[in-house]
Amino acid sequence: PAHERLRRVLATKANMDGLKRSPEPIAALALFNLLGRVPKAVEDIGAQMFQSKASEVMTNVAGPQEPLHLAGAPIERVMFWVPHPGKELGMGISILSYCGTATLAVIADAHLVPDPEAITQEFNREFAAMLKAVRTKKSSARKAATRRPPRLPLAGVWSRRSSPPRSGANLTASP
């Protein structure tokens, strides 16, 4: 159901916001920065420590909402793969938004995830259902707004350059 999808999205966002506000990303970045400056043998020990604690890397990137161009031609689709280092990591998932679309890319160890296409198919199904729910809700809200008579008093919006509406002026309200 749509309410369950919304609950999951909101819970995921709350968890991600909590992680982003924690000191963990700053500490990990500082450690990776440090590991990148030491001899490779030391870097490998540090990388192995992180890799042994994770089975998957997932990242989402908000891309541009206007089309990009390359040599004058518009770029229709953009995608990327998450870094997939070492032997311990079983799967990497990347989500990128671009011009009103979202692209999901999955890279996986074939022994652990023999059918990564199933993940992308389920993502597409779920994304389409969520999009339909949002569009239905917006459409219902627009219909309800057009059925309701305007409530008085209405407030007008004007810029600094214009004058406030005169008393008795007709004002319109946007939904």
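Descriptive notes on the structure:
- Along region 103-114 the Karplus relation, 6.51 cos²θ - 1.76 cosθ + 1.60 evaluated at θ = phi - 60°, assigns HN-Hα couplings of 10, 10, 10, 10, 10, 8, 6, 4, 6, 8, 10, x Hz to successive residues, with x for each Gly and Pro.
- Relative frequency of Cα-Cα separations exceeding 25 Å in region 1-142, percent: 46 percent
- Residue-span extension gain [residue 117 to residue 31] - 0.36 nm each, minus C-alpha spacing: 27.5 nm
Quick note: the coordinates plus some simple rules give every number you see, no bench work behind them. What you see is a predicted model, and the numbers here were worked out from it, not measured in a lab.
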